[in-house]
Amino acid sequence: MSLQFTPMEKLIYLNPTHILVDVLKGKHIHPVYQPIVSLLNGSVFAYEALSRITIPNCHLNIEGLFEIATKNQKLWELDSLCRAKALKGACKKPARMKLFLNVEPNVIYDPEFISGFTREKLLHLGLSAEDISFEITEKTFVTSPSVFAEAISHYQNQGFKVAIDDFGLGYSGLGRICSFSPDYLKIAMSIVRGINKDKKKRSIVSSVVRLCRELDIEVIAEGIEMEEELATLIELDVGYGQGYFLGRPEKDFKSVCSRAELMILEFRQINQSPLPLYPYVETVGHICKRNEPVSPDDKALAVYERMKADPSLTEVCVADADGNVCGLITRSYLLGRFSGQYGYGLNFRRSVGELLTQKYITADAGMTVDEVASIAMDRDSGSVYDAIIATEKGKFLGVLTVRDLLLAAINLREKRAADASPLTGLPGNNSIQQAIKAVMSE
């Protein structure tokens, strides 16, 4: 049954320009948040903020509204409205969970945009630069590439992350990867859809994954809607996924459905080596220290006094009541904050969460010692010796120091050398028996 409009309603609801004016004037936008999921363990890694029009019976979707805004030179106003709504709603997201914001490439270097993302303004919203990733769409032509690249570098130097959205659809493609160094690359839905039945698409994604691994760029596959697509992407070693099969855009910050999480773990197990040489030894989950984390609401002074009293306490993990990792406070960093003439006076009233500005890395409990050691040593010189946070199903498990990793790696090499066949160098009976026992006990 078709909708019936009065002449005035037709003027408002069927004229795209009038819809745009009405949306901007009444701020008729509300944000929704779609989970971006780790295809390693099924946990939520981040949320992408999307926008929906709240005018009743509106025949335009948000993409169409942006096209109208561009034609009417109202792109900045609409982009700003959507972004403000998304940031305001983000105060309800899980602590330290990343938020992906869609940004038009020709807006990102606007002085007004830059002024809206100062540390002070983000702190007022309960956010930090480390929480935000800007998604730059591939669909739009960049009018000033040099200024654009300079703006991207400015944000990354402040701790923001940058993602190329809709990769494979629009302008520049590999050229944009070369002109600046994105942190994430999101493969377009049109490439992901039906990838389980398309050899060409599988080949493209496989090549992209290899390229991004060499360039230290994380890959996110968009538009996953089928179990078979998910299985293929995990087989191709794509790191993260997004789509209706994993989670729909919602007003609240929803977790991954248990069915999808279970499938990810099952598919990942199928694509791993079925017989690890030294089960329960090579994975970091069995060598991490199960230290009790502190809450982001705890007083920083209490942690400072614990570290002063215990020289062996080199770091503490910060996690919320649900076990979601918020960050890492190292001994050197916290003692530095409380040192100097004004350090104590400035920080003794602050909570741990207010001091969480350092970068940190997490590793799933199922990752091998060699894998985590490679990631740890690939960090910049200022943080290369910081501890790694071990997680299980996305929740805090323990803390792993670089010393722990090195000792475990040495122990593994010695054990392999002692157990290997002197003629072939292949695993000996001990390794084979351990592997058989591990499989039989599962």
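Read the figures in this text as sums done on the coordinates, not as results from a lab. Here the structure is a predicted model, which is why all the values come from computation and not from measurement. Counting neighbours? That spans all protein chains shown, and the Cβs are built from the backbone with ideal geometry, glycine included.
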**Request:** State the Kirkwood hydrodynamic radius of region 152-256 in Å, one decimal place, computed from all pairs of distinct Cα atoms.
**Result:** 14.5 Å
**Asked** Long-range amide H contacts for Phe45: which residues qualify at under 5 Å (H placed 1.01 Å from N, peptide plane, sequence gap of 5 or more or a different chain)?
**Response** Ile36, Val37, Ser38
**Fill in**
Extension length gain for Arg290 and Thr17 (0.36 nm per residue less Cα distance), in nm, is 92.4 nm
**Request:** Return Lys186, Lys161 ranked ascending by Cβ neighbour count within 10 Å, so the fewest neighbours appear first.
**Result:** Lys161, Lys186
**Prompt:** Can you flag which of Lys161/Lys308; Lys201/Lys395; Lys92/Lys299; Lys201/Lys251; Lys251/Lys289 are past 29 Å Cα-Cα?
**Reply:** Lys161/Lys308; Lys201/Lys395; Lys201/Lys251; Lys251/Lys289
**Complete:** Relative contact order of region 284-419 (C-alpha contacts under 8 Å, at least 6 apart) in percent is 30 percent
**Message:** So for region 284-419, considering every pair of alpha-carbon atoms, how many percent are separated by more than 18 Å?
**Reply:** 56 percent
**Fill in**
Here the gain from full extension of Leu211 to Glu227, 0.36 nm per residue of separation minus their alpha-carbon distance, amounts to 3.2 nm
**Request:** Using only Cα atoms, figure out Rg for region 7-270 and give it as a multiple of 2.2 N^0.38 Å.
**Result:** 1.02
**Request:** Within 10 Å of each residue's Cβ, count the other Cβ atoms and sort Met367, Met263 from fewest upward.
**Result:** Met263, Met367
**Request:** Can you grab the distance from the C-alpha centre of region 219-241 to the C-alpha centre of region 381-396, Å, no decimals?
**Result:** 25 Å
**Message:** How would Tyr344, Tyr360 line up from fewest to most surrounding beta-carbon atoms within 10 angstrom?
**Reply:** Tyr344, Tyr360
**Charge context of Asp252, other residues only, Cβ under 11 angstrom, K/R +1, D/E -1** = +3
**Asked** Taking every DSSP beta bridge that has both residues in region 191-334, what percent is antiparallel when rounded to the nearest 5?
**Response** 60 percent
